[in-house]
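Asks: This is the structure, below, for whatever I ask next.
No value in this document is a laboratory result; all are computed from the given coordinates. The structure presented is a predicted model; accordingly, all values stated were derived computationally and were not measured. Glycine gets a Cβ as well: all are built from the backbone with ideal geometry, and neighbour counts include every protein chain shown.
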Amino acid sequence: MATAYRREYARLAAKEKVFADLVSEYGRPDPFVWFDGGRTGSSLFAAMLLHMVGQRISAVAAFTVYDRISEAVGGLPTPEGVLALGADRLRGLGLSPAKADYVTDLARHQAARTVDLQAMSGLDDDAVIDALTSVKGVGRWSAQAFLMRQLRRPDVLPAEDEGIRRAVRARWSLTHLPTVGEVRKMSADWSPYRSFASALLWKSLYPPGEASDPKERAVLRAKESSAPKR
């Protein structure tokens, strides 16, 4: 249980009783933790690459493909290394034709500094989203994931995320899955702590104590499978 965010969670709980109940049930999860198994280090390019590789596939599959790319470039992926591989080799490593095009576009932008991931800490949230979504294949959800996990922004809630919407339906006892617009409207009252709200809503989809992040579950399974058998 994270203890570093007492003030943020207390203020969120004061805004909405549902979150007070969730804090009692799930504690104070760290909304910024990045479960990559140490793969991306401090490289924002590598982290964004993993976000893109992981779109619409399981976390286990995403790690497998990302690890192949890392091996092919001889270490931590860089824009130059990805561009040197080329789209054909990227497809051979497991990317779909569309994703090979997308990650190549990301690498081109970063190499030319037309989208500079390393400089994004100085931009506001909307500017980061605008810059990232100018890259092929990067939607608002992926941009918001980068905002939360890499830039550690406190007021991010991906309303497009189906898990968030399912959690809202369950915890507010709604009779329908709320639309993206409905979730955005509700979450306006939770600002400026929406990243903390997101963390609790994701946690609420699983029993207390169980990993809720797909990447976390994949990392834990990998550790279990590599542990010595007794």
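Asks: Mind checking the log10 I(q)/I(0) for the chain at q = 0.08 Å⁻¹? Debye, one equal scatterer per Cα, no solvent, two decimals.
Replies: Computed log10 I(q)/I(0) values: -0.32.
Asks: Here's a follow-up. Highest first, please rank the peptides 156-166, 68-78 by the mean number of other Cβ atoms sitting within 10 Å of their residues.
Replies: 156-166, 68-78
Asks: How long are the semi-axes of the ellipsoid equivalent to the stretch 25-116, from square roots of 5 times the Cα gyration tensor eigenvalues, in whole Å, largest first? Present the calculation step by step, with values, prior to reporting the outcome.
Replies: Working: eigenvalues 114, 47, 29 Å².
With the √(5λ) rule applied to the stretch 25-116, the semi-axes are 24, 15, 12 Å.
Asks: Computed FRET efficiency, Cβ-Cβ of S173 and A14, R0 25 Å: what is it to the nearest 0.05?
Replies: Rounded to the nearest 0.05, the efficiency is 0.75.
Asks: Could you list the residues of the stretch 122-147 with an amide nitrogen less than 17 Å from a label point located 7 Å from the Cα of S42 in the Cα-to-C-beta direction?
Replies: Those under the cut-off are 122.
Asks: Next up: How big is D for the stretch 50-167, in µm² s⁻¹ as a whole number, if Stokes-Einstein is applied with the Kirkwood radius of its Cα pairs at 4 °C and 1.567 mPa s?
Replies: Numbers: Rh = 14.9 Å.
Rounded, D is 87 µm²/s.
Asks: I need to check one value: relative contact order of the chain, counting alpha carbon pairs closer than 8 Å and at least 6 residues apart, in percent.
Replies: After rounding, I find 25 percent.
Asks: Related question: Please give every one of the lysines within straight-line cross-link reach of K15, meaning a C-alpha to C-alpha distance under 28 Å, and leave out same-chain neighbours fewer than 8 residues apart.
Replies: K185, K203
Asks: Over the Cα atoms of the stretch 127-187, what radius of gyration and what Dmax do you get, in Å?
Replies: 12.8, 38
Asks: With N set to the residue count of the stretch 95-216, report its C-alpha Rg divided by 2.2 N^0.38 Å to two decimal places.
Replies: Against the compact-globule rule of thumb, the ratio is 1.17.
Asks: On C-alpha positions alone, give me the angle between the axis of helix 97-112 and the longest principal axis of the chain, in degrees, nearest 10.
Replies: Approximately 80 degrees, to the nearest 10.
Asks: With labels modelled as points extended 7 Å from the Cα through the Cβ direction, what inter-label distance (nm, one decimal) is found for E71 paired with L220?
Replies: 2.7 nm
Asks: In addition: Please give the calculated 222 nm ellipticity per residue for the chain, where each DSSP H segment of at least 4 residues contributes -39500 (n - 2.57) and the sum is spread over every residue; nearest 500 deg cm²/dmol?
Replies: -17500 deg cm²/dmol
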